[in-house]
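Worksheet: one structure, shown below.
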Amino acid sequence: TADGHNTNSSVIVHPAEGVTAGYAKIHLFDIELEGQKPIRESDAFKHGEKEQFLHIGDWVLGQSICYDIRFSELYQKYAEAQVDAILVPAAFLVPTGKAHWEILLRARAIESQAYVIASAQAGTHKGAAGGERMTFGHSLAIGPWGEILHDAGPTELGIFSVVLERGQIDKV
């Protein structure tokens, strides 16, 4: 929570430090699609205030969440800070995922000249009130040149690994 308000946030789980606060999503998902009930994330959450960095060894990672991917100014700040990679956990809906997911992630990698690692929910999700939504999936790892290093597909669940090489960042 931030000042007693809920935030849509990532957390860091560290072996020695336990669970610590991570990044609070800056751009909340408020949308009305034709023929569908409006989605208003701002009804339940307060938006975050600033970019957050995660340091792992000598690597610096920028953090974002889902809808943030549509706002290049956040990623420009990460580019100016010369991050090595940017994390993007997400739950893109199928229509917008088909149209924008891959292209936005590749653009952010190219603009930032950094790796982009995007974990994505996939499949059908049923709410407590009986509602249902479909998420696009396609967890992706993108290189700093914009190349797709791995695409988990629309339904693949599990863990995948890619090798991130600082030399590739320097080369780009």
task = Compute the normalised compactness of the chain: alpha-carbon radius of gyration over 2.2 N^0.38 Å, N being the residue count.
result = 1.04
remark   = So, over other residues within a Cβ distance under 15 Å of Glu132, counting Lys, Arg +1 and Asp, Glu -1, the net charge is +3
request  = Starting with the highest mean, order 51-60, 87-96 by the number of other Cβ atoms within 10 Å, averaged over the residues of each peptide.
outcome  = 87-96, 51-60
task = Mind pulling the angle between the C-alpha long axis of helix 102-112 and the longest principal axis of the chain? Nearest 10 degrees, somewhere in 0 to 90.
result = 40 degrees
inquiry  = Pairs of alpha-carbon atoms within less than 8 angstrom and 6+ residues apart define the contacts here; what relative contact order does the chain have, in percent?
reply    = 14 percent
ask   = Which value in deg cm²/dmol, rounded to the nearest 500, describes the helix-derived mean residue ellipticity at 222 nm for the chain, given -39,500 (n - 2.57) per DSSP H run of n ≥ 4 and division by the residue count?
value = -4000 deg cm²/dmol
ask   = Sorted by accessible area (1.4 Å probe), largest first, how do Leu61, Leu33 line up?
value = Leu33, Leu61
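For the chain, which whole percent of the accessible surface, found with a 1.4 angstrom probe, sits on carbon and sulfur atoms?
Carbon and sulfur together cover 53 percent of it.
The values are calculated or read from the model by the stated rules, or taken from the named source; none is laboratory data. Computed from a prediction, not measured in an experiment: that's the story for all the values here. Here the Cβ is made from the backbone with ideal geometry for all residues, glycine too, and neighbour counts use every protein chain on show. For accessibility, only protein heavy atoms count, side chains too; no ligands or nucleic acids. Shrake-Rupley method; radii C 1.70, N 1.55, O 1.52, S 1.80 Å.
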